[in-house]
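Bear in mind that the values in this text are calculations on the coordinates, not laboratory data. Source: prediction; values computed, not measured. Positions of Cβ are generated from backbone atoms using ideal geometry, with glycine treated the same way; all protein chains shown enter the neighbour counts.
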Amino acid sequence: MEPVEKKYTVTVPEKKFTVTIPRNAVISALVIVGLYVVLSLLRQQGVITPYWGLIMDLALITTISATGLSLIYGFAGQFSLGHAAFYGIGAYVAAFITKTYGATTVNFALGLAAGALAAAVIGFLVGLPILRLRSDYLGIATLGFGVIVKVLLDNSDKLSKTLGGSMGMLGIPRLTTFAWVFWLAVAVLLIARNLVNSSHGRVCITVREDEIAADIMGIDTTRYKMLAFTLGCGMAGLGGGLYAHLYTFLHPSSFEFLKSFDVLLIVVLGGLGSLTGTVVAGIGVVFLQEALRGVLGQQFLEWRGVVYALALIVLMILRPQGLMGGWEFSIDRLLQRRPKGGSARGAA
Amino acid sequence: MALLECRNVSRHFGGLRALVDFDLTLEKGELVGLIGPNGAGKTTVFNVITGVFPPTHGDVVLEGRVLNAYKPYQITQMGIARTFQNIRLFKEMTVLENVMAVMHPRCGYGLLDAFLRTPRFVRQERAMQEEAEGLLERMNLADRRNEKAGSLPYGAQRRLEIARALATRPKLLLLDEPAAGMNPSEVGQLVELIRSVKQDFDLTVLLIEHQMGLVMNLCERLVVLDFGQIIATGTPAEIQRNPRVLEAYLGKAVGA
Amino acid sequence: MGQLLEQVVNGLQLGFVYALIAVGYTMVYGIIKLINFAHGDVIMVGAFVTFFGLVRGIPWPVAILAAMVACAVLGVIIERLAYRPLREKGAPRIAALITAIGVSLFLENFASLHIAFGPDHRQFPEVIPHIQWKLAGVTVTSIQVLIIVSTLLLVAILQLVVYRTKIGKAMRAVSLDMDAARLMGINVNQVIAFTFAVGSALAAAAGALLAAAYPQIWPYMGIMPGLKAFTAAVLGGIGSIPGALLGAVLMGQAEVLTAAYLTTDFKDAVAFALLILVLLVRPAGLLGKAGPEKV
């Protein structure tokens, strides 16, 4: 009898692997560096005014935080309405460190790291019990967590005077620069993209698609929910730390649960399952807001909330897949080189 | 040692006794059919075996190991895979991604490799992709590899479910109504497919099906369930003549 | 002891207002499995409409009734414009939830516009004659009595409707199995609209009573009571009207007693910690039943 040919086994070649850096990666890197150089010059020369520079920084910071929620909700399908709380945790922890230990670059880096880590760790601890819940209940639970965090921030002066409590935290050193924001945004997006385009990322998406089926097909859904959630919260924390050292003033009301809806809008608008969409929406929303403020003036502030709300409603009814609908910008596809096998990872 | 044993398995949902004293032994390499009228508890058998619900009483034993306390994903990694009665594909993922996703437990690289795009990552991703594409070839889905699973025609979706189950490299394959909604010629193709896949992948197969043509043709042995209990076992020929089975499906004869 | 009883009565005042709100939440959730975020804001609209009525000298029972009717209409409009399209599309639950958030934000922000109610806090006029009685050594105010009596009355009427009328039976049918109900000839859209109308009317009453008891109104006044009432509904068992009542009474007690004996600062946090605890430990709530998912 002939031996059964196991058609499905593929042996991995044992040969030595030379590290080749793909051409596309080099091109991408050059484009990004070029972008940085151009923007820096424009800012330095005053072509981009300090005001718009601030807006640009805020846009990138918002994108960092939104990327976190994109991983959590857009890719892993976990409906978290507490994202602003983790942003706040990162902000307060980072600010506490630079205010207490001095405004040096090293302390700034440590502060950012600590803020991101604190947010990630708290995200982990909160996620352990809470991610078991199904989507609408998860939303409410994370919303509740957000309220609890705000209350704690309001009373933070009881823990340490530096934290300011309901009066807010003043006098945070202005250490955030365009360089910090730009390169951290690039790093965060790179991490997110590399996660999404990997086996680990695929598995996160299966959790979004059909958690029970994923479980039955051998995937440890809890672990990957936790991964996405922890990482996403950490990114929010990083964004918060950068924000604190940009605006130099923190107030608990900036991190209440209503602010979580702002980030949600960005992720939904950009399209679930699309990092490109999150970036476009994140930057777009911040700039659009400023542009409208310029045009409409004081009136705008009133109407901003109404427009936001209508945008959300119309979006869900007419185009729930958002702007990008799961489509991802891919430099490989752009340069027509060995197109990757389908990047259809959107969610309707 | 038998591959799978269900020893006196019962599963209750409150007052509803979905399974009562269910006994089953599957030797390696068998192809057994599980039949019975709707609501007899057949899918519950699958759910208990795959760990979706633990048995209320009794044990599920795989190669000597008691599975009761394990979670579904652990049981799958031990070698049991299944398809679903109501197709549960990852709709927004492509055909290829559906298959590659479930290969994750043996992807061969860690998070750090993924973040840093190490040579190991590149190598393993390629290997997984090749393996997945091989499976798709086998199931006649290769030309659809980049289509979203949700947009596939029904028959292709059923084949994809099987491909996905095979990607977990199971020892035991549970097929839940794989021929549902298929016309006779498709069923014929399916019979061939199941037979050849079983041989090539060295599988043991437990099959739930209503289409008697497929069942009689394919299965070496049948187990008949009604109201959660086994009412008959035997070869297809024996079962066809069994009065209790006929009664379960067709009801008591008038005047009997 | 007298102090404790006072607080208990205060807790009942709060709890019964929450009950009116919670009942609306639980009815809507029971029938279309949606957490209607906008419900809290209907409270606000109810309070404002009552306010505008009172300011014009309309007697308060009429003003409250007018608010209830207005909000019933509002509820139906919201359902028709924002939720029904998604239901008909078969959109995932999350889409409806996000839309509900959108509607909530819209109501809040629109109300804040100067052409609408404006963002400022306003003082609710005192139209309920302020009488106090001493009952078993505890002071009970006329407002408290009004709240408790109105709530009990409204909920009793609701129970009657749900269990003794045809439309009530239809509501129960739809909440058990929408498709089957439709196949049985029930006009599901109408039933859902009716549910929203009733729930919103109750929310309006709650808003008016809330404003009478804590006489400041402003566009964002409904958020917290709404969320807490939702917590109450979950605590009691979402989908169950008696559950909503029980949960609300407990929530009212928890909040007031925390504020009185621990600290006012943390009372909101306590309410939500309670919510998270309930969701984790007993998601079906005190009077609810859990249902396993079909595989």
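At a glance:
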| item | result |
| --- | --- |
| Residue with peak Gaussian network fluctuation, chain A [Cα springs, cutoff 10 Å], from A:168, A:218, A:46 | A:218 |
| Separation between Cα centres of the range A:41-115 and the range B:210-249, rounded to whole Å | 65 |
| Fewest-first sequence of B:193, A:112 by Cβ atoms within 10 Å of each Cβ | B:193, A:112 |
| Cβ-defined net charge surrounding residue B:187, 14 Å radius [Lys, Arg +1; Asp, Glu -1] | -1 |
| Vicinal HN-Hα couplings computed from phi for the range A:298-303 (Karplus, 6.51 cos²θ - 1.76 cosθ + 1.60; Hz; Gly/Pro x) | 4, 3, 4, 4, 4, 7 |
| Estimated dipole of the protein assembly as shown in Debye, rounded to 20 [Cβ of Lys and Arg +1, of Asp and Glu -1, Cα centre] | 520 |
| Test item: Cα-centred dipole of chain A, Lys/Arg +1 and Asp/Glu -1 on Cβ, debye | 620 |
| The protein assembly as shown: antiparallel DSSP beta bridges as a percent of all, rounded to 5 | 65 |
| Cα centroid separation, the range B:58-120 to the range C:66-142 (Å) | 47 |
| Helix-derived mean residue ellipticity, 222 nm - over chain B, DSSP H n ≥ 4, -39500 (n - 2.57), to 500 | -11500 deg cm²/dmol |
| Listed residue (A:241, A:107, A:70) projecting farthest to the positive dipole end of the range A:55-256, Cβ model | A:107 |
| Choice from C:28, C:256, C:161 with maximal GNM fluctuation in chain C (Cα, 10 Å cutoff) | C:161 |
| Per-residue HN-Hα couplings for the range C:94-100 [Karplus 6.51, -1.76, 1.60; θ = phi - 60°; Hz; x = Gly/Pro] | 4, 4, 5, 5, 5, 4, 4 |
| Dipole magnitude of the range A:55-256, debye to nearest 20 (Cβ charges: Lys/Arg +1, Asp/Glu -1, about Cα centre) | 320 |
| Cβ neighbours within 10 Å from other chains - mean over B:103-116 | 5 |
| In degrees, nearest ten, helix B:184-200 long axis to first principal axis of chain B (Cα) | 70 |
| Likely footprinting exposure, C:224, B:78, fewest C-beta neighbours within 10 Å first | C:224, B:78 |
| Amide H contacts under 5 Å for residue A:323, placed H, 5+ residues apart | A:270, A:271 |
| Calculated FRET value between residue B:137 and residue B:112, using beta carbons and R₀ = 25 Å, to 0.05 | 0.15 |
| Cβ crowding within 10 Å averaged over residues, with C:60-66, A:225-231 ranked highest first | A:225-231, C:60-66 |
| Amide H within-cut-off set for residue B:223, under 5 Å, with H built and near neighbours excluded | B:33, B:34, B:35 |
| Using alpha-carbon coordinates, inclination of helix C:39-55 to the longest axis of chain C, degrees | 50 |
| Separation in nanometres of the label points that stand 7 Å from Cα toward Cβ, at residue A:132 and residue B:235 | 5.1 |
| Peptide B:61-74 - average C-beta neighbours from other chains (10 Å radius) | 2 |
| Cβ-based charge dipole, the range B:90-151, positive-most Cα from B:139, B:100, B:122 | B:122 |
| Mean ellipticity per residue at 222 nm, deg cm²/dmol - from DSSP H runs of n ≥ 4 across chain C, formula -39500 (n - 2.57) | -23500 deg cm²/dmol |
| Listed residue (B:237, B:216, B:204) projecting farthest to the positive dipole end of chain B, Cβ model | B:204 |
| Least to most buried among B:210, C:121 (fewest other Cβ within 10 Å first) | C:121, B:210 |
| Under 5 Å, built H, 5+ apart or other chain: amide partners of residue C:38 | C:104 |
